[in-house]
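As structure tokens, the structure follows; a few thoughts come after it.
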Amino acid sequence: MLDIQSLHKRFGGLHAVNEVSFSVESGLIKSVIGPNGAGKTTLFNLITGNLPPSEGEICFQGTPIHGRKPHQIAAMGMSRTFQNIKLFHGMTALECVMVGCHSRSKAGFMAGMLKLPSTWREEQRIYQRSMELLELLELSDYAQVEATSLAFGQQRAVELARALASEPKLLLLDEPAAGLNIYETAEVARLICKIRDMGITVLLVEHDMSLVMEISDEIVVLCFGEKIAEDTPKNIQQNKEVIRIYLGEDEG
Ligand SMILES: Nc1ncnc2c1ncn2[C@@H]1O[C@H](COP(=O)(O)OP(=O)(O)OP(=O)(O)O)[C@@H](O)[C@H]1O
Ligand SMILES: [Mg+2]
């Protein structure tokens, strides 16, 4: 699904991502973990085209995506959520998801202006699809509620629904459990597994280790921009260098 080769990103003298290589197999949940500032969000920004790499190659479904714009990469079947919740004020949960569907809408601007029957049918399709996604993420009862007034966990679920609206094959989630309580975190974990079981590959950045260990098929560990380990959750938990980094963090 995704192949990353010798990826490097410098900000001035800082090597935010340093010679990182790994691949993500189709149908899995792969997680990227590491201390604050390890380069996880930067790695996501490189993959989604939000930042240009200094060096290295990224292939998405066998196609090099170097130099492509974020919307072009998204159109190839990649979608993401952000570390901080980004929902629009004044929009219902349904409208937030419908906005996500519009990126795949076929109706043109003029057809929209003229309110042609084709546009009406397209709007109906988007409405249906958005309602299905809300149902999938167990939000049907909140479709007409203003998204930003929902509980934090439900706002995360709205974000997941919106990210799925573009029908991605690969979904990148940047700290989907940040700020959630243990019950909400368990719900998000269940939803992420549900998404994986639909056949969507997931690349996850998350600090909540119990969530990561529970749902990941494979884990990559970054520290100061470098990949220091890549393995199954069981082996990562026993990896001496990983333990040292995390215990060292606790002591600090
Ligand atoms: N646009 C930027 N310009 C300069 N430095 C940046 C920029 N973005 C990130 N950095 C730096 O790159 C390093 C990696 O940051 P990044 O946000 O990728 O870390 P992270 O692993 O996502 O951390 P966190 O767990 O806190 O979200 C940090 O030292 C950060 O300060
Ligand atoms: Mg980050």
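Residue check: L7 meets all listed conditions (1) of a type outside the set (G, A, S); (2) closer than 27 Å to I195 by Cα; (3) open to solvent by less than 30 Å² (accessible area, probe 1.4 Å) but one, namely (2). Confirm whether S31 is loosely packed, with under 15 Cβ neighbours inside 10 Å and either in contact (Cβ under 8 Å) with a residue 12 or more places away in the chain or outside any loop (DSSP other than H, G, I, E, B) (or both). When the stated conditions are applied, S31 does not pass them.
Going through E214, E187 one at a time, which residue ends up being open to solvent by 70 Å² or more (accessible area, probe 1.4 Å), under 13 Å from G153 (Cβ atoms), touching a helix residue (DSSP H, G or I) at 6+ places or on another chain (Cβ under 9 Å) and assigned by TED's automatic domain parsing to the domain that holds G37? Break it down into steps so the answer makes sense when it comes.
Values: E214 fails: under 13 Å from G153 (Cβ atoms).
None of the others qualify; the one that does is E187.
The lone criterion from (1) more than 10 Å from the chain's Cα centre (by Cα); (2) within 26 Å of Q72 (Cα to Cα); (3) open to solvent by 10 Å² or more (accessible area, probe 1.4 Å) left unmet by I195 is number (3). Screening region 201-227 for residues that are within 18 Å of L28 (Cα to Cα) and in a loop (DSSP other than H, G, I, E, B) and picking the one that is nearest to ligand 2 (Cβ to nearest atom) gives E206.
Got a number for residues in region 19-40 being over 22 Å from A189 (Cα atoms), within 16 Å of ligand 2 (Cβ to nearest atom) and not aliphatic (A, V, I, L, M)?
Residues meeting the conditions: 2.
With respect to the conditions (1) under 30 Å from Y127 (Cα atoms); (2) open to solvent by 20 Å² or more (accessible area, probe 1.4 Å); (3) of a type outside the set (S, T, Y), G100 lacks only one, and its number is (2). Taken over region 167-180, the residue count meeting the criterion of being open to solvent by 20 Å² or more (accessible area, probe 1.4 Å) and either outside any loop (DSSP other than H, G, I, E, B) or touching a Ser or Thr at 6+ places or on another chain (Cβ under 7 Å) (or both) is 1.
Mind listing whichever residues of region 34-61 are part of a loop (DSSP other than H, G, I, E, B), more than 8 Å from ligand 1 (Cβ to nearest atom) and over 21 Å from I219 (Cβ atoms)? The answer is G49, N50, P52, P53, S54, Q61. I want to confirm something. Restricting to region 41-69 and keeping residues that are among the hydroxyl-bearing types (S, T, Y) and more than 16 Å from ligand 2 (Cβ to nearest atom), which single residue is surrounded by the most Cβ atoms within 10 Å (Cβ to Cβ)? Among those residues, the one meeting the criterion is S54. Only one of these is at pLDDT 95 or above and crowded, with 19+ Cβ neighbours inside 10 Å: V145, V202. Name it. Step by step, each of V145, V202 is checked, and only V202 is at pLDDT 95 or above and crowded, with 19+ Cβ neighbours inside 10 Å. Check region 149-166 and report whether any residue there is under 17 Å from S79 (Cβ atoms), open to solvent by 30 Å² or more (accessible area, probe 1.4 Å) and not assigned by TED's automatic domain parsing to the domain that holds T42. Yes, some residue in region 149-166 is under 17 Å from S79 (Cβ atoms), open to solvent by 30 Å² or more (accessible area, probe 1.4 Å) and not assigned by TED's automatic domain parsing to the domain that holds T42. Restricted to region 227-238, and to residues there that are of a type in the set (D, E, K, R) and under 19 Å from L2 (Cβ atoms), the residue that is nearest to ligand 1 (Cβ to nearest atom) is K227.
The values are calculated or read from the model by the stated rules, or taken from the named source; none is laboratory data. Keep in mind that this is a model prediction, so the values were computed, not measured. Positions of Cβ are generated from backbone atoms using ideal geometry, with glycine treated the same way; all protein chains shown enter the neighbour counts. These area figures cover heavy atoms from the full protein model, side chains too; ligands, DNA and RNA do not enter into them. Shrake-Rupley method; radii C 1.70, N 1.55, O 1.52, S 1.80 Å.
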